[in-house]
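To start, the structure under review is shown below, and the notes come after it.
The values are calculated or read from the model by the stated rules, or taken from the named source; none is laboratory data. Nothing here was measured: the structure is a model prediction, and the numbers come from that model. Here Cβ is always computed from backbone atoms with ideal geometry, including for glycine, and neighbour counts include all displayed protein chains. All accessible areas refer to the heavy atoms of the entire protein, side chains included, with ligands and DNA or RNA removed. Shrake-Rupley method; radii C 1.70, N 1.55, O 1.52, S 1.80 Å.
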Amino acid sequence: MFHFNPMAGNACFRGGGGGNSWIRVGWKPPSTGIFKLNTDGASKGNPGKAGAGGLIRNHEGRWVAGFCHNIGTTNSLEAELTAIRDGLELVNRLRLTNVDVETDSKLAVQLIAGSIFSGEHVNNLVNDCRRLMAEIGSTTLIHVYREANACADILANLGVVADGLEVFANAPSCVAHQLHDDAIGVEYSRQMKQHADVGVRGVMRQRLEHIATVF
């Protein structure tokens, strides 16, 4: 069984004027007995040179496994979906169950959930993600802000210059500092403008329209 939550773990409080909100954002460990997979995609130019990356941690924030992947030239949406698929394949290979999956791409979450639809060029990636989540079993797919996804962002950018797909049994040095900050609960302030959700929907609509014209 798997389910989706497009906005979770992003608690906010009202700011002091201007109709804006401030939120405190940081990586949160999963409950005991549950693993967490964070993934991210990077595209330098959108479309441009692209990479995918991700990592699996336990309830203590300890590294279980991770990966980065050079995926050639593509757009940011395909990079995000590829990262989710690669991460789920790694989870499956390790025979892990009870996994929370986090990505900072709300669009990717909505596509996999089926709440919005895109062109045929991403259908295979979306279907792969759905199939893998069903095979893994108890899995959630959650959107988080990028401040809660910093380790995956580092690995995605590493993927841009990697030699194909690389899987790491131990954390590479480039992610060690952020991994430590996440484990001790470091949080970051993020300002949200009023009606931000409307703006996000508008951006996603524009992205889908742009992608439809490219492919």
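Odds and ends about this structure:
- Partners of K28 within straight-line reach, counting lysines whose Cα lies under 20 Å from its Cα and excluding those fewer than 8 residues away in the same chain: K36, K106.
- Protein accessible area in region 29-192, 1.4 Å probe - carbon and sulfur %: 47
- With R₀ set to 30 Å, the beta-carbon distance separating T73 from Q191 gives a calculated FRET efficiency near 0.35.
- Divide the volume of the convex hull around the Cα atoms of region 29-192 by the residue count and you get 115 Å³ per residue.
- Loop sites in region 93-180: trypsin sites (Lys or Arg not before Pro), DSSP, at most 14 other Cβ within 10 Å: R95
- Computed packing ranks the peptides 57-68, 167-178 as 57-68, 167-178, most packed first, by mean other Cβ atoms within 10 Å.
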